[in-house]
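**Q** Below is the structure I would like to discuss, written out as structure tokens.
The values are calculated or read from the model by the stated rules, or taken from the named source; none is laboratory data. In this text, all values refer to a predicted model and were calculated from it rather than measured experimentally. Cβ: placed from backbone, ideal geometry, glycine included. Neighbour counts: every protein chain shown.
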Amino acid sequence: MSRGPRRLRLGVLVSGTGRTLENFAALARDGSLHGEVVLVISSSKQAYALERAARLGLPAFALPPGSFPSEAAFAAEVYRRLEAARVDLALLAGFLARLPIAERWRGRVMNIHPALLPGFGGKGFFGLRVHEAVRAAGVKVSGCTVHFADDEYDHGPIILQRTVPVFFEDSAEDIAHRVFEQEEVAYPEAVNLYAAERLRLSDGRVQVLP
Ligand code: GAR
């Protein structure tokens, strides 16, 4: 008898407003996400995401990278917290700190980026800056990318992408809004594919199994 997808223990890493966190928590509650958020880590004490986490009753900690003697010490503490909470899958959700991926966490840390990677991503490409660059380039489609994280910002094997049209009249805010609607679908979909063991990593690419 098939056991069906397992319910993952999810750790969500935030720096900003926490809409992505809120979406995960809502979908976990209504049962459409094969996982539950068991830990929230913020890279900033001021992140609005921490208020959301408190309201949602989720255990949350602020770990500002600047309060550690080195990036390695910061990363070690992040992994220590994830492992203490027995997290299966870590989800970067607007996390602005660089997190070097420990060997044992390769293929277990996902990121979402609000553009079609490898375009319009990397250090400094966050928030409206991404959509301003998309608008300035005059591209006719944008979208979002969910990928396994590696040691570079917005880089690593792509799991899935969703596209949106970009119109001449669009402001960066218009594009951001349209893209975020797709992010709310794409990220949970990637988590559910992982829970169903349908993501196979080979040679730096992800095969989505039927
Ligand atoms: C999301 O749009 C996410 O794609 C983006 O940050 C936003 C977080 O919003 N991530 C990046 O730009 C990664 N380079 P939120 O804090 O409201 O969830």
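**Q** Restricting to the stretch 166-192, give me the number of residues that are within 17 Å of the chain's Cα centre (by Cα) and of a type in the set (S, T, Y).
**A** 1
**Q** Now for a different question. Can you name the residue in the stretch 30-52 that is farther than 19 Å from V78 by Cα and free of Cβ contacts under 8 Å to residues at least 60 places away in the same chain and is also farthest from the ligand (Cβ to nearest atom) among such residues?
**A** In this case the residue turns out to be G31.
**Q** Moving to a separate point now. From R55, R86, grab the single residue that is surrounded by fewer than 21 Cβ atoms within 10 Å (Cβ to Cβ), more than 24 Å from P165 (Cβ to Cβ) and in contact (Cβ under 8 Å) with a residue 12 or more places away in the chain. Let's see the steps before the verdict.
**A** On the way: R55 fails: in contact (Cβ under 8 Å) with a residue 12 or more places away in the chain.
Going through R55, R86 in turn, just one is surrounded by fewer than 21 Cβ atoms within 10 Å (Cβ to Cβ), more than 24 Å from P165 (Cβ to Cβ) and in contact (Cβ under 8 Å) with a residue 12 or more places away in the chain: R86.
**Q** Only residues that are surrounded by fewer than 21 Cβ atoms within 10 Å (Cβ to Cβ) and either of a type in the set (D, E) or within 8 Å of the ligand (Cβ to nearest atom) (or both): list them for the stretch 89-111, please.
**A** L96, E103
**Q** Moving on to the next point. Exactly one condition in (1) of a type in the set (A, V, I, L, M); (2) more than 27 Å from A196 (Cβ to Cβ); (3) in contact with a helix residue (DSSP H, G or I) (Cβ under 9 Å, 6 or more places away or on another chain); (4) more than 10 Å from the ligand (Cβ to nearest atom) is not met by V139; state its number.
**A** Going through the list (1) of a type in the set (A, V, I, L, M); (2) more than 27 Å from A196 (Cβ to Cβ); (3) in contact with a helix residue (DSSP H, G or I) (Cβ under 9 Å, 6 or more places away or on another chain); (4) more than 10 Å from the ligand (Cβ to nearest atom), V139 breaks only (3).
**Q** Return yes when F68 is buried (at least 23 other Cβ atoms within 10 Å of the Cβ) and of a type in the set (F, W, Y) and no when it is not. Step through it out loud before you land on a result.
**A** Details: buried (at least 23 other Cβ atoms within 10 Å of the Cβ): no; of a type in the set (F, W, Y): yes.
When the stated conditions are applied, F68 does not pass them.
**Q** Related question: Do we have T145 as more than 10 Å from the ligand (Cβ to nearest atom) and at negative phi here? Outline the logic, then answer.
**A** Working: more than 10 Å from the ligand (Cβ to nearest atom): no; at negative phi: yes.
The answer is no for T145.
**Q** Just to be sure before I move on: is A115 in contact (Cβ under 8 Å) with a residue 12 or more places away in the chain, in contact with a helix residue (DSSP H, G or I) (Cβ under 8 Å, 6 or more places away or on another chain), of a type in the set (A, V, I, L, M, F, W, C) and within 13 Å of the ligand (Cβ to nearest atom) in the structure I sent?
**A** Spelling it out, A115 is indeed in contact (Cβ under 8 Å) with a residue 12 or more places away in the chain, in contact with a helix residue (DSSP H, G or I) (Cβ under 8 Å, 6 or more places away or on another chain), of a type in the set (A, V, I, L, M, F, W, C) and within 13 Å of the ligand (Cβ to nearest atom).
**Q** Criterion first (under 16 Å from T20 (Cβ atoms) and either modelled with pLDDT of 95 or more or among the hydrophobic types (A, V, I, L, M, F, W, C) (or both)) does H147 satisfy it?
**A** Spelling it out, H147 is indeed under 16 Å from T20 (Cβ atoms) and either modelled with pLDDT of 95 or more or among the hydrophobic types (A, V, I, L, M, F, W, C) (or both).
**Q** Determine, yes or no, whether Y153 is closer than 23 Å to L8 by Cβ and aromatic (F, W, Y).
**A** In short, no.
**Q** Here's another thing I want to ask about it. Within the stretch 7-18, is there a residue that is modelled with pLDDT under 95, exposed (fewer than 14 other Cβ atoms within 10 Å of the Cβ) and in contact with an Asp or Glu (Cβ under 9 Å, 6 or more places away or on another chain)?
**A** Scanning the stretch 7-18, I find no residue that is modelled with pLDDT under 95, exposed (fewer than 14 other Cβ atoms within 10 Å of the Cβ) and in contact with an Asp or Glu (Cβ under 9 Å, 6 or more places away or on another chain), so the answer is no.
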